[in-house]
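Beneath this line is the structure, given in C-alpha cells, with notes to follow.
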Amino acid sequence: MKTRIISALVGLILLILVMFTNNLVFGIVVFALSIIGINEMFNAFINAGKKPIKIIGYLSCLPLLSLSFNNILKGDSFFNINLLFLFAFILFLSGLFVIVFKFEKYDYLDISLTYFAIIYVVFLFSFIILTRNLENGKYYIWLIFIGAWLTDSAAYFTGSFVGKNKIIPVVSPKKTVEGTIGGVIGCVIIMLLYGIFVVNKINEIAFYHFIILGLISGIVSQIGDWAASAIKRKADIKDYGSLMPGHGGIIDRFDSILIIAPVVYFYITIIIF
C-alpha cells in the first residue's frame, strides 16, 4: 500500500507539471506515453500467443508529433488531413505486405490485433492532444482526467462501503452495481464543481453542459476500465506493465482516460461550439 501511495503521488506531481507546460511539450509527452502504451498492448497479445507487428504500431505514433507541432508552427499547418490519410493507407498497405511476404509467420489475426492496438492506444491518445490544442484547452484538458480518475475513486469508495451486487464478475469480480452508480454520481458532482470554478475562464459555458459531460464520462469511463480488464483476462496478465509500482503500466492508468478523451473533445467541438 505504501508503494502504491508513493507511486500515485509521484504520478500526480508529474501530471500537474506536464499540464502546465506548453502544447508542444505536452504533446511530446503524450507521444512518448503512446509508444509505451502500444508496446504494453502488444506484449499482452504476445502473452496470449499472438504476434502483432510492432514496427507498424510504433510508426503509427508519429502523427501525434505532428499534432504537437500544430499550434507551434505558423502559416501552413504541419498537420494535414490528407497527409494523415496517406500515412494511414501506408500503414495499412504495410500490413498487407507483411501478410503476403511473411505468410508463414503472421496471419490475419496478427494484423487485425496490430490495427486494434493502434486504434485503442494511438487514435484515442490523439484526442488528449487535440483537446489540449483547443482554445482554452488548458482548462478543458482537466475534464478528461477528472472524468476518469474521479469516477474511479468514487466507484471504489462507494463499492467498498455499500457495494453488494456484482455487475460483471466474469470480467472484474470486485465491481458492483452500487459502485458503478456511485462512480457516475461522483463524476457528475465533481464535473459541476469544476465547471463552477472555471466557468468565467472558458467563455461562460452553461452549467448543464458539465452535468451532461459528467454523466456521459461517468458511464463511458467505467466501460473503458472494464474493457481493459477484459483484455487482460483474455491475455492472462495481471497488469499491462510495471512502469508505476503498485498501479501497473500506462494502459492500466489510462484505460478510462483513453475512452473519455474523445467524449470530451467531441462534446466541446460539436455540442458546445
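The values are calculated or read from the model by the stated rules, or taken from the named source; none is laboratory data. Please read these numbers as outputs of a predicted model, since none were measured by experiment. Here Cβ is always computed from backbone atoms with ideal geometry, including for glycine, and neighbour counts include all displayed protein chains. Remember, those area values only see protein heavy atoms, side chains included, never the ligands or the DNA or RNA. Shrake-Rupley method; radii C 1.70, N 1.55, O 1.52, S 1.80 Å.
ILE272 satisfies every condition listed in (1) surrounded by fewer than 22 Cβ atoms within 10 Å (Cβ to Cβ); (2) in contact with a Gly (Cβ under 7 Å, 6 or more places away or on another chain) except (2). Listed conditions (1) over 21 Å from the mean Cα position of the chain (by Cα); (2) surrounded by fewer than 18 Cβ atoms within 10 Å (Cβ to Cβ); (3) not β-branched (Val, Ile, Thr) are all met by GLY182, apart from (2). Determine which single condition SER7 fails, assuming it passes every other condition in (1) open to solvent by 20 Å² or more (accessible area, probe 1.4 Å); (2) farther than 30 Å from LEU113 by Cα; (3) part of a helix (DSSP H, G or I). That leaves (1) as the condition not met.
Residues in the stretch 74-87 that are modelled with pLDDT of 85 or more and either more than 20 Å from GLY57 (Cα to Cα) or surrounded by 15 or more Cβ atoms within 10 Å (Cβ to Cβ) (or both): PHE87 alone. From the list GLY163, GLY246, the lone residue that is over 23 Å from ASN39 (Cα atoms) and not aromatic (Phe, Trp, Tyr) is GLY163.
Kindly indicate the residue of the stretch 192-232 that is closer than 21 Å to LEU134 by Cα and under 17 Å from the mean Cα position of the chain (by Cα) and also surrounded by the most Cβ atoms within 10 Å (Cβ to Cβ) among those meeting that condition. Checked the stretch 192-232; the qualifying residue surrounded by the most Cβ atoms within 10 Å (Cβ to Cβ) is SER217.
Go over the candidates LEU124, LEU109, LEU150 one by one and state the one that is under 17 Å from SER68 (Cα atoms), assigned to a helix (DSSP H, G or I) and of a type outside the set (S, T, N, Q). When all the criteria are applied, what remains is LEU124. Among the residues of the stretch 186-198, none qualifies, meaning not one is in contact (Cβ under 8 Å) with a residue 24 or more places away in the chain and more than 15 Å from GLY147 (Cβ to Cβ).
Just one residue in the set ASN39, ASN23 is at pLDDT below 95, closer than 21 Å to LEU258 by Cβ and open to solvent by less than 50 Å² (accessible area, probe 1.4 Å); that residue is ASN23. Is it the case, given these coordinates, that LYS238 is of a type in the set (D, E, K, R), at pLDDT below 95, surrounded by fewer than 21 Cβ atoms within 10 Å (Cβ to Cβ) and touching a Phe, Trp or Tyr at 6+ places or on another chain (Cβ under 7 Å)? Here the answer is no, as LYS238 does not meet what is asked.
Can you name the residue in the stretch 52-73 that is modelled with pLDDT under 95, part of a loop (DSSP other than H, G, I, E, B) and of a type outside the set (Val, Ile, Thr) and is also surrounded by the fewest Cβ atoms within 10 Å (Cβ to Cβ) among such residues?
LEU73
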